[in-house]
Amino acid sequence: MQPHTNSSRPLTSALEPFLSVCGALAEALKDDAFYQAVTIDHAADPALRHRVLAHYFELALDEARAVGEVHLAGDDGAALWLTPEAPASDRALHGERRTQALSCLLGPLGFGNYQHIGAAMEAQVPADLHGAWYLSILGVRPAAQGQGLAQRLLQPTLARADQACATCYLETFNPLSLSFYRRLGFVLAVECVETVSGRPYWLMAREAAYLPP
């Protein structure tokens, strides 16, 4: 099965809206503990930090489009998924490309944090979720929040996961998001502390909903 996007146009002509949403993701997630840690080299220059973070999301979008699924809310927000539907070799290749690009983008401290946090968070993922669909990034620019965009961004993939009987999972550093994800069927699987920032985060999982035959 091929990775999905929510655009019916060829990917080449759809490139601009995919890239234009990266600024919205940078606005939405700039205060997230993970993204603060990986952009620490640029903390003294907010404008540069915003550009670095937007480029980070460009790389994430490129990977998700290749080996996962992307949904957009215009240029106001996006949901990025990584799924096991693409061949493992493709997932490994795109993951390595992204890591190499981030090593140049983030700076030595930020890239070190990226590697350390990523490895520590991966170690906390329960074994039964290793083949699950992963919500990598969800963000809506602050000016567009409160309109139900986040839920609409997630609904297509969750519906497809139900059809495929697939389990989904995510990680969040935002305690205010827990009730939102619970309404969509996610339950708390693991509560952790990220050691670089000392901040708590939550791993939540969602089993496929039963669909009558």
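Assorted remarks:
- Protection proxy ranking of 186-196, 137-147, 69-79, 49-59 - average other beta-carbon atoms within 10 Å, highest first: 69-79, 49-59, 137-147, 186-196
- Taking amide H atoms as placed 1.01 Å from N in the peptide plane, the amide H of residue 189 lies under 5 Å from those of 203, 204, 205, each 5 or more residues away in sequence or on another chain.
- Rounded Å value of the spacing that divides the Cα centres of region 108-163 and region 169-208: 10 Å
- Rule-of-thumb Rg ratio for the chain [Cα; 2.2 N^0.38 Å; N residues]: 0.98
- With the convex hull drawn over the C-alpha atoms of region 58-178, the volume per residue is 129 Å³.
- If only the Cβ of Lys and Arg carry +1 and only the Cβ of Asp and Glu carry -1, the dipole of the chain around its Cα centre is close to 300 debye.
- Relative protection proxy for 122-133, 152-163, from highest mean packing down: 152-163, 122-133 (other beta-carbon atoms within 10 angstrom).
- Computed label-point distance, nm, for sites residue 193 and residue 90 using a 7 Å Cα→Cβ extension: 4.1 nm
- Among 89, 136, 197, residue whose mean-square fluctuation peaks in a GNM of the chain (springs only between Cα atoms under 10 Å): 89
Here, each number is a calculation from the coordinates, and none is a lab measurement. Computed from a predicted model, the values in this text were never measured in an experiment. Here Cβ is always computed from backbone atoms with ideal geometry, including for glycine, and neighbour counts include all displayed protein chains.
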